[in-house]
Amino acid sequence: MSAVRVVPALPDDASAIAELECRPENVPYVRGHPAAEHRARMDDPTVRYLRIEDSAGAFIGFGLVTELGGTDRSARLLRIVMDAPGRGLGRLAMNAICTLVFDTWGIERFWLDVFEDNARAHHLYQSLGFRATGHTHHPSHPRGDGGTAPLMRMELWAREHRSI
């Protein structure tokens, strides 16, 4: 398994981000946005776009962390999308993102919502220590594939991440 690196995304990455999230295989799980919207959102101080690179520095995915800067010291993983899932690089990227969130940014609680029917994502998040909170809700917008699965809230606390 090769290494990954997580670095801040730049406005020049917005086109690759938009293309990746709009791929047909990602439509059931990710709502796509145009590159211009991503570029504009990169200026929001409560948002961090993260470029995921392989060991050669090539773009292989992105992460989007939101809701930063609150007094509760929490952050939300809005999405992580990999160019070629199934190679274990998403796991490495999530480990790197968690380390960044907890150890560099000083976040105490990292949370996300995941579609209940996304078994691959559930397995990954649980293996990294994320636990379901018991809260589920329906998405505010319909899924691109017409699916109706509810979203499950999962969270990971800094102390749990450090003990893994």
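Read-outs throughout are calculated quantities, based only on the coordinates presented, and are distinct from any laboratory measurement. Owing to the predicted nature of the structure, the values given are computational and were not obtained by experimental measurement. Using ideal geometry, Cβ is built from the backbone for each residue, glycine included, and neighbour counts are taken over all protein chains shown.
Structural remarks
- Mean Cα-pair separation over length for segment 13-164, i.e. relative contact order, pairs under 8 Å, 6 or more apart, %: 20
- Working note: Debye formula, equal point scatterers on the alpha-carbon atoms of the chain, no solvent; log10 I(q)/I(0) at q = 0.10, 0.15 Å⁻¹ is -0.34, -0.83.
- From least to most packed, judged by other beta carbons within 10 angstrom and beginning with the fewest, R31, R76 follow the order R31, R76.
- The chain - charge dipole about Cα centre, Lys and Arg +1 at Cβ, Asp and Glu -1, debye rounded to 20: 360
- Distance from the alpha carbon centroid of segment 67-120 to that of segment 1-22 works out to 14 angstrom.
- Structure-based [θ]222 nm, the chain - -39500 (n - 2.57) summed over DSSP H runs of at least 4, per residue, nearest 500: -7000 deg cm²/dmol
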